[in-house]
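One structure is given here, and the rest of the page talks about it.
The values are calculated or read from the model by the stated rules, or taken from the named source; none is laboratory data. All values reported here derive from a predicted model rather than from experimental measurement. Virtual Cβ from ideal backbone geometry, glycine too; neighbours counted across all protein chains shown.
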Amino acid sequence: MFVPVRCPQTECPAHRRPEPGFFVRDGFYRPLCRSHPVPRFRCRFCGRGFSRQSFRADRGQKKPFINAACLDLMVACVGLRQAARVLRVARRTVERRFAWLARHAADFQANRLAGARIPGPFQLDELESFEANRYQPVTVPVLIERASLFIVATAVGPLRRKGRLTPRQLLRRAEHEALHGRRPSESRRAVHEVLSRLRTVAPAPVVLESDQKPLYGRLGREILGNGFVWRTHPAAARRDRRNPLFPINHTNARLRHFLARLRRRTWCVTKKRVRLRAHLAIATVWSNFCRGVTNRTGTTPAQAVAVAPRRYRPEEVLAWRQDWGPLSPPLRP
Ligand SMILES: [Zn+2]
């Protein structure tokens, strides 16, 4: 039987410090979206009514039953349109659910990492993609714990198109920049964002492995000070299992495999980089908490770094609201 742990009204004293018996039971109601009755309660402090639904992440949704399948589809390398076709709902429904999943996933990961201690070593690399067209590349730094492939953080930043360009491509770039202005390169800001996550999560000394890009060493020392140990490996080495950077190379290859928008030569390319960022938040939670480290093991990356006690089904990850930070309803142990 469901027992509320606190009053859902954030300004009520029974939200922060719920005393035993702060609520009385107040019957049931039958929502349109569920077959079983939902219990109602009344808070003794603020007098407001609430129900079990007030604690659910899917409160207010007309079709909460598509959520778990929607999460699965978001990491099954299909576009949002195809997800809508498979789920037999409108494209707009999937677009809204995508935004909801991303917000929830970001909160879920942040709540699990609050107070967590992950000793490392960590690995970092940037994968490249683009938004809308090839003249608008983006960089995607990905930071993982090496042994478990736990994704600690990802970010997305714009890049200016560089590298070998044909005269025609140079002309196209000049035209593009005349229209949109010179594109900033924000690799530094994006890498800074993911490495900053280590400040609260990793106890010193923090070992980071990466290729020899000097930016990583500079930012690591800037953010983590003397407790920072940087180990570099040549990026040109063969990218097989014997490569010391295999875990991060493999993680990035898997992200390209899971997310249709990260595939090479795809029709599902990202139109706006904030959507890529949202999609990465969803993939991060699924990969960390729902999927085994490999296809053969049932142990998830989050279990391996002791951030979660067991593997969670997508339904469990999406069950309870996560927007109250540490006061969010707990998952079943
Ligand atoms: Zn209350």
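Tabulated values for the structure
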item	result
Matching residues, segment 147-173, being in contact with a Lys or Arg (Cβ under 6 Å, 6 or more places away or on another chain) and surrounded by fewer than 18 Cβ atoms within 10 Å (Cβ to Cβ)	Arg160
Cβ-Cβ under 6 Å pairs, at least 6 apart or on other chains, segment 227-240 side surrounded by 14 or more Cβ atoms within 10 Å (Cβ to Cβ), far side assigned to a loop (DSSP other than H, G, I, E, B) and small (Gly, Ala, Ser)	Gly227/Ala204
Qualifying positions in segment 11-32 - within 34 Å of the chain's Cα centre (by Cα), within 10 Å of the ligand (Cβ to nearest atom) and surrounded by 13 or more Cβ atoms within 10 Å (Cβ to Cβ)	Cys12, Pro13, Ala14, His15, Pro18
Residues of segment 47-68 that turn out to be more than 16 Å from the ligand (Cβ to nearest atom) and touching a residue at least 24 places away in the same chain (Cβ under 8 Å), as a count	12
Selection from segment 314-333 of residues that are without any contact (Cβ under 8 Å) to a residue 60 or more places away in the chain and among the β-branched types (Val, Ile, Thr)	none
Residue among Ala76, Ala14, Ala110 that is in a helix (DSSP H, G or I), of a type in the set (A, V, I, L, M) and within 30 Å of Arg254 (Cα to Cα)	Ala110
Residue satisfying all of: in segment 276-301; modelled with pLDDT under 95 and basic (Lys, Arg); surrounded by the fewest Cβ atoms within 10 Å (Cβ to Cβ) among these	Arg296
Set Ser129, Ser54: member being polar (S, T, N, Q) and part of a strand (DSSP E or B)	Ser129
In segment 286-316, the residues that are out of contact with any strand residue (DSSP E or B) (no Cβ under 9 Å at 6 or more places or on another chain), assigned to a helix (DSSP H, G or I), of a type outside the set (Phe, Trp, Tyr) and closer than 30 Å to Phe130 by Cβ	Cys290, Pro314
Residues satisfying the stated conditions in segment 1-54, i.e. of a type in the set (Phe, Trp, Tyr) and under 20 Å from Trp320 (Cβ atoms)	Phe2, Phe22, Phe23, Phe28, Tyr29, Phe41, Phe50
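Per-residue answers, yes or no, for (1) within 13 Å of the ligand (Cβ to nearest atom); (2) in a loop (DSSP other than H, G, I, E, B):
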residue	(1), (2)
Gln9	yes, yes
Arg34	no, yes
Phe45	yes, yes
Leu71	no, no
